[in-house]
Amino acid sequence: MDLQEHREVLGETIDKLSDEASYTQLFHAYRDEEALPSGEVLKEIIDLCRAILFPGYYGNARISKQTIRFHTGVNVQTLHSLLSRQIYAGLCFADTSCTVCSEEKVLAIAEIRSEEFIAKLPEIRSVLATDAEATFNGDPAAQNPGEVIFCYPGFRAISNHRIAHQLYKLKVPYIPRMIAEMAHSETGIDIHPGAQIGHHFSIDHGTGTVIGETSVIGNYVRIFQGVSLAGEKLPPDENGNAIRGIARHPILEDHVTIYSNATLIGKIRIGKGATICGNVWLTEDIPAGATVKQGSIDKGQLIIVEQ
């Protein structure tokens with residue numbers, strides 16, 4: 001193929017890619033002041049949150065009880081500035097119908113959302129302390145709670161989720177999902193920011209664990225690697241579109257344990273203190289205190305032992 005033929009091929013490809021019909025669903029028209037939320041900046045925001053929530057483990061290694069207020073103040077101010085701009089970008093990106101919105105108005109909303117999030121950091125720290133405690137108490141291999149905070153992928157994913165969930169509750173668009181996917185990429189644990197999770201929560205090992213959007217998890221719950229809290233496949237609406245905003249994931253009551261590679265599907269309820277053994281496929285409610293395990297492989301049955 002000579003140079004002229006190469007140019008013709010490239011030209012034809014450019015024409016096809018520039019055809020409006022080919023990108024209608026994939027194109028986003030920017031306003032002059034708009035920018036997409038930045039993954040790099042969000043990583044910096046997560047690092048700042050970790051430095052604030054876990055002083056000494058993350059951030060400035062020279063922090064002490066005498067300097068903690070100073071370092072926390074600097075980090076909080078930086079976090080507010082960065083997060084406000086990212087929330088602003090998310091609001092602009094989500095509001096495709098508002099092409100003439102005042103930059104000052106949207107930024108003011110973003111700053112309020114950022115302040116509301118920062119005001120919840122003490123509460124987030126408090127519940128994360130229970131998660132670290134539960135993880136440490138549940139794993140004899142852990143040498144101390146510090147190892148959990150600094151090293152464990154399950155705790156790292158839970159930390160991201162606590163942050164993302166608070167932003168989700170504040171109706172911040174896009175950013176909660178981006179933060180969740182950062183943890184997913186880093187740990188292999190996929191927790192939708194909409195999932196409601198109680199205190200003293202732990203994920204042991206965690207690789208391949210999936211927790212869906214409308215999952216509700218109580219207190220003192222422990223799950224292992226490969227566990228899926230999956231959504232029921234709902235029929236389409238009258239127009240053939242997917243039904244959204246409907247609770248479709250499992251509910252786990254307090255003190256439930258789910259072992260590796262178990263799959264729970266739909267809005268089923270797992271009763272308080274129940275244990276779900278490994279490789280179980282569940283689509284029905286389980287009573288409190290019951291243990292569910294596989295039966296005969298030939299018959300493919302489940303055995304439910306009620307206490």
With bins of 5 Å, the percent of all Cα-Cα pairs of the stretch 152-241 per bin from 0 is 3, 14, 24, 25, 15, 10, 4, 3, 1, 0
Restricting to Cα pairs under 8 Å and 6 or more apart, the percent relative contact order of the stretch 171-307 works out to 15 percent
Here the net charge surrounding C49, from other residues whose Cβ is less than 14 Å away from its Cβ (Lys, Arg +1; Asp, Glu -1), is +3
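Mean 1/r over all different Cα pairs, inverted: what Kirkwood radius does the stretch 70-130 give, in Å?
Numbers: mean 1/r = 0.0779 Å⁻¹.
It is 12.8 Å.
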Under Stokes-Einstein, the stretch 76-197 at 25 °C and 0.890 mPa s, with its Kirkwood radius over C-alpha pairs, diffuses with a coefficient in µm²/s of 157 µm²/s
Stretched fully, the stretch from T283 through K267 gains (0.36 nm per residue minus C-alpha distance, one decimal, in nm) 4.9 nm
Restricting to Cα pairs under 8 Å and 6 or more apart, the percent relative contact order of the chain works out to 9 percent
Taking a straight Cα-to-Cα line shorter than 25 Å from K120, and setting aside same-chain lysines fewer than 8 residues away, one finds K43, K65, K105, K169, K171
So, with points 7 Å from each Cα along the Cβ direction, the I246-Q294 label distance in nm works out to 3.2 nm
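Could you compute the net charge surrounding A141? Neighbours are other residues with a C-beta less than 15 Å from the C-beta of A141; K and R count +1, D and E count -1. Please report the intermediate quantities before stating the final value.
Working: positive: R222; negative: D139, E147, D204.
Taking every Cβ under 15 Å from that of A141, the sum is -2.
Return the calculated 222 nm mean residue ellipticity for the chain, to the nearest 500 deg cm²/dmol, obtained by summing -39500 (n - 2.57) across DSSP H runs with n ≥ 4 and dividing by the residue count. Write down the numbers at each step before the final one.
Details: 9 runs with 134 residues, N = 307.
Helices in the chain give a 222 nm mean residue ellipticity of -14500 deg cm²/dmol.
Considering every pair of different Cα atoms, what Kirkwood radius, in Å, is found for the chain?
On the way: mean 1/r = 0.0455 Å⁻¹.
Radius from the Kirkwood sum: 22.0 Å.
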For the pair R62 and D237, the simple spin-label estimate (label points 7 Å beyond Cα toward Cβ) gives in nm 5.8 nm
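Could you order the peptides 266-272, 137-143 from most to least packed, using the average number of other C-beta atoms within 10 Å per residue? Don't skip to the end; give the middle numbers.
Details: 266-272: 18.3, 137-143: 12.6.
Order by mean packing, descending: 266-272, 137-143.
Read-outs: derived from the displayed coordinates by stated rules, not from any lab. Bear in mind that the values here come from a model prediction, so they are computed numbers and not experimental data. In this analysis, Cβ positions are derived from the backbone assuming ideal geometry, glycine residues included, and neighbour counts consider all displayed protein chains.
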